[in-house]
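Worksheet: the structure to be examined is printed underneath.
Just so it is clear, none of the values below were taken in a lab; they were calculated from the coordinates. Remember, it's a predicted structure, so these values are computed and weren't measured experimentally. With ideal geometry, Cβ positions are generated from the backbone for all residues, glycine too; neighbour counts draw on all protein chains shown.
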Amino acid sequence: MAHGETFKYNYAIICRIPQTFQYKALRTKTGKPIDIDRARKEYDDLRDILKNCDVNVIELQEDENYPDCCFIEDCAVCIGGTALIARPGHTTRQGEVGEIRKVLKNDLKLNVQEIKDAKATLDGGDVLFTGKEIFVGIGKRTNDLGAQAVAEFFPEYNVNLIKIGKCETLLHLKDVVNMAGRNIVAVGCGNDAETKDANYIMKEMQSLAEYTYRVLHLDNRAGVDMLYINGRLIHRTREEMGEKNYGVIDEKIPYTRHRVNLSELSKADGSISSMLLPIYKKKNQMNMLSDITEDDIAPFCHK
Ligand code: CIR
């Protein structure tokens, strides 16, 4: 991918929130009940922000059979014109990929790839693309085979594998690290256990990385929940991340910012990036299979 094309997207696929989300969404912490109307309002706000970020928003109908279907990021890894269909690590989510596959293949005509090994699991939320290389977290949702598939299907990038199984505070790698801009990695600490996990991830990333990045330190998970897209940063509200983090972002990020409250969706472990599949499709990218044979071209070849 050419340098100017990283973090540049022209489509974003999102998926509406089903009614079943309210009581059946997977949650690592069962605490306060989810207010579905508020969750849908958060989704609408994010959709409106995306529409202001120079992307064509493709909105999928919710599927009541899949309470977590709004967390579409976990269903595929899309980098450049290639879309690798994920194999979600939680059984209740595995069927979500069917609809996504159709859109990526038939509507967007991307180069869609499948992981053949039935034992592999891979959630998109475990894959961090820095624009130059890829980090994959192997833990609760993604296993070794799933991570190896990322390396296999994106051979043009250095793919670094990080074991996150022992990080109790992490469901996905991107709960703790996200890109805040070109070459800027944001990392989120928090309570003792969160800080321990964040320090471990940063150490691993630093020892594996082929490139160097600036690090933006934030002191809670809401602070690090962000998405860099088309030269803009979408992040959580001041109220959710606190004054200190908001001040750090104010000071360090000079480009356009959009704020979204995600407090209901985050009760089911949702994050900004989890809500969309950003895609860059070259205008005239066509997947044509040639049926020309050697015999057809032989008369035109001078030996
Ligand atoms: C789940 O447990 O699968 C959903 N409730 C949350 C998924 C969030 N995905 C992500 O951050 N990539």
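Once the Kirkwood radius over Cα pairs is known for the chain, the Stokes-Einstein relation at 25 °C and 0.890 mPa s delivers a diffusion coefficient of 124 µm²/s. The angle separating the long axis of helix 144-153 from the principal Cα axis of greatest extent in the chain is about 50 degrees. The trypsin sites (Lys or Arg not before Pro) of the range 1-91 that DSSP puts in a loop, and whose beta carbon has at most 16 other beta carbons within 10 Å, are LYS8, ARG16, ARG27, LYS29. Extension gain, ASN52-LYS32: 0.36 nm per intervening residue step, less the Cα-Cα distance, totals 4.0 nm. Mean residue ellipticity at 222 nm, helices only, the chain: -7000 deg cm²/dmol; runs of at least 4 DSSP H residues each add -39,500 (n - 2.57), and the sum is divided by the number of residues. Extension gain, GLU152-ASN111: 0.36 nm per intervening residue step, less the Cα-Cα distance, totals 13.3 nm. The radius of gyration of the Cα set in the range 75-129, together with its Dmax, comes out at 10.7, 29 angstrom.
Cross-link partners of LYS32 among lysines, defined as those whose alpha carbon lies under 20 angstrom from its own and excluding same-chain residues fewer than eight positions apart: LYS24, LYS41, LYS267. What is the range 110-156 by shape, rounded, prolate or oblate, if you read a ≥ b ≥ c off the alpha carbon gyration tensor as root eigenvalues and call it rounded for a/c under 1.5, prolate for a/b larger than b/c, and oblate otherwise? Oblate, since a/c reaches 1.5 and b/c is not below a/b. Name the lysines eligible as straight-distance cross-link partners of LYS283: C-alpha to C-alpha under 27 Å, and not fewer than 8 places from it in the same chain. List returned: LYS8, LYS51, LYS102, LYS105, LYS109, LYS132. With the cut-off at 1.5 for a/c, could you classify the range 154-242 from its C-alpha gyration tensor as rounded, prolate or oblate? Here the range 154-242 falls in the oblate category. The angle between the Cα long axis of helix 192-208 and the main principal axis of the chain comes to about 30°, on a 0 to 90 degree scale. Normalising the average separation of contacting C-alpha pairs (under 8 angstrom, six or more residues apart) by the number of residues puts the relative contact order of the chain at 22 percent. Pairs over the 19 Å Cα-Cα cut-off, from the set LYS174/LYS203; LYS163/LYS196; LYS119/LYS140; LYS163/LYS203: not a single one.
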